[in-house]
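Here's the structure, in structure tokens; my notes come after.
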Amino acid sequence: MTDVVGNTPVVRLEHVVPSNAADVYVKLEWFNPTGSYKDRMALAMIEEAERRGDLRPGMTVLEYTGGSTGSSLAYICAAKGYPFKVISSDAYSPEKLRTMRAFGADLLIEPSVDGKVTPDLVPRMMDRARELAVEPGTYWTDQINNPDSMVGYATIGEELVEQVGEFDVFCAAVGTAGLAMGVSRALRASEHQAQVVVFEPASTPVLTEGHAGTHGVEGIGIGFVPPLLDDEMYDKAIAVPEDEAREMARRLAAEEGLLAGTSSGLNIAGAIGIAKELGPGHKVVTVAVDTGLKYLAGDLYQS
């Protein structure tokens, strides 16, 4: 099961992109086993730790997560035989929490305020993980600080160079920043000339305005500048309104047959904004990070 991660397809959007804009290509990461790009990161963090000898048979893997990383780590740990303890929150979708439990994870819930991702939520989850990490036989993957994640995400950049060829911009929203940084490294290694643009929810404009806020886009906008984000590895940060992200997610399903979550909607809404600025004859590439099936219990697709 660990050999089926990656090699996901790319599609060109045909209906939601205006005719006076650049072409927009989307890498469909829900073709990974748990329906998320986080499978790449989880596999890399586990296998790099095994390679160094930091993670050995019989040890317990520990992580804090908004859900998709936890689902991916739970899957990898199940396939490799590691117990997995995870801290998440009721601010995240019940489908993700149930998926972690289905893979056998020991799930601990950090309460949220009204089901929202407030600026203090992720730091509280991190503090709880830090307390548990001192237990003997525990390996804390610590996704926000772990550069091994970029090893996994670099494969997205490598695949895009093969699948799309030359393109003008790669863009993606920032959570841990592993995706943007991993792809940026891969593009530079291949001497690709594409610019790298990072997105964030406009309601928590940490990168663009320097202050955090409350929002409802799972997996991104963690309330502080992620340690893995290197200013030298991206060209620009753009804030995208959450309502535009949600509307785009619904349009993608109805008009493109592309069922994705809110962060994917934000990626694509931001990519189309860049495509409008560039105009015809250019290419913008982004990622649909996970499947919309993870969000059907929430209000994203409620009519």
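Mind checking which pairs have a first residue in segment 7-20 that is within 14 Å of Ser264 (Cβ to Cβ) and a second that is in a loop (DSSP other than H, G, I, E, B), Cβ under 7 Å, 6 or more apart or different chains?
Thr8/Asn32
Mind telling me which of the residues Val16, Val5 ends up being surrounded by 16 or more Cβ atoms within 10 Å (Cβ to Cβ), over 20 Å from Tyr295 (Cβ atoms), touching a helix residue (DSSP H, G or I) at 6+ places or on another chain (Cβ under 7 Å) and modelled with pLDDT of 95 or more?
After applying the criteria, what remains is Val5.
When you check Glu232 against the structure, is it modelled with pLDDT of 95 or more and of a type outside the set (A, V, I, L, M, F, W, C), yes or no?
yes
State all residues of segment 127-157 that are crowded, with 19+ Cβ neighbours inside 10 Å and in a helix (DSSP H, G or I); if no residue qualifies, say none.
Across segment 127-157, the qualifying residues are Ala129, Asp148, Ser149, Met150, Val151, Gly152, Tyr153, Ala154, Thr155, Ile156, Gly157.
Of all residues in segment 257-289, which are touching a strand residue (DSSP E or B) at 6+ places or on another chain (Cβ under 8 Å), in a helix (DSSP H, G or I) and not hydrophobic (A, V, I, L, M, F, W, C)?
Matches in segment 257-289: Ser263, Ser264, Asn267, Gly270, Gly273.
Of all residues in segment 189-225, which are part of a loop (DSSP other than H, G, I, E, B), β-branched (Val, Ile, Thr) and within 15 Å of Thr118 (Cβ to Cβ)?
Thr204, Thr214, Val217, Ile220, Ile222, listed by residue number.
So which of Thr208, Thr286 is crowded, with 23+ Cβ neighbours inside 10 Å, polar (S, T, N, Q) and either closer than 19 Å to Leu179 by Cβ or at pLDDT 95 or above (or both)?
Exactly one of Thr208, Thr286 is crowded, with 23+ Cβ neighbours inside 10 Å, polar (S, T, N, Q) and either closer than 19 Å to Leu179 by Cβ or at pLDDT 95 or above (or both), namely Thr286.
Go through segment 185-205 residue by residue and tally those that are crowded, with 24+ Cβ neighbours inside 10 Å and farther than 20 Å from Asp23 by Cα.
3
If you take the residues in segment 25-43 that are farther than 19 Å from Met100 by Cβ and touching a helix residue (DSSP H, G or I) at 6+ places or on another chain (Cβ under 8 Å), which one is surrounded by the most Cβ atoms within 10 Å (Cβ to Cβ)?
Result: Lys27.
Which one of Gly104, Gly165 is surrounded by fewer than 17 Cβ atoms within 10 Å (Cβ to Cβ), modelled with pLDDT of 95 or more and within 25 Å of Gly261 (Cα to Cα)?
Gly104
Could you grab me the full set of residues in segment 48-71 that are farther than 22 Å from Asp120 by Cα and in contact (Cβ under 8 Å) with a residue 40 or more places away in the chain?
Glu48, Ala49, Asp54, Leu55, Gly58, Met59, Thr60, Val61 - these are the residues of segment 48-71 that are farther than 22 Å from Asp120 by Cα and in contact (Cβ under 8 Å) with a residue 40 or more places away in the chain.
Quick one: how many residues across segment 241-252 are free of Cβ contacts under 8 Å to residues at least 60 places away in the same chain and either among the aliphatic types (A, V, I, L, M) or in a helix (DSSP H, G or I) (or both)?
Within segment 241-252, residues that are free of Cβ contacts under 8 Å to residues at least 60 places away in the same chain and either among the aliphatic types (A, V, I, L, M) or in a helix (DSSP H, G or I) (or both) number 8.
Among the residues of segment 68-101, write down those that are surrounded by fewer than 17 Cβ atoms within 10 Å (Cβ to Cβ) and either at pLDDT below 95 or among the hydrophobic types (A, V, I, L, M, F, W, C) (or both).
Ala78, Ala79, Asp90, Pro94, Arg98
The values are calculated or read from the model by the stated rules, or taken from the named source; none is laboratory data. If you're wondering where the values come from, they're calculated on a predicted model, not measured in any experiment. Backbone-built Cβ (ideal geometry, glycine too); neighbour counts: all protein chains shown.
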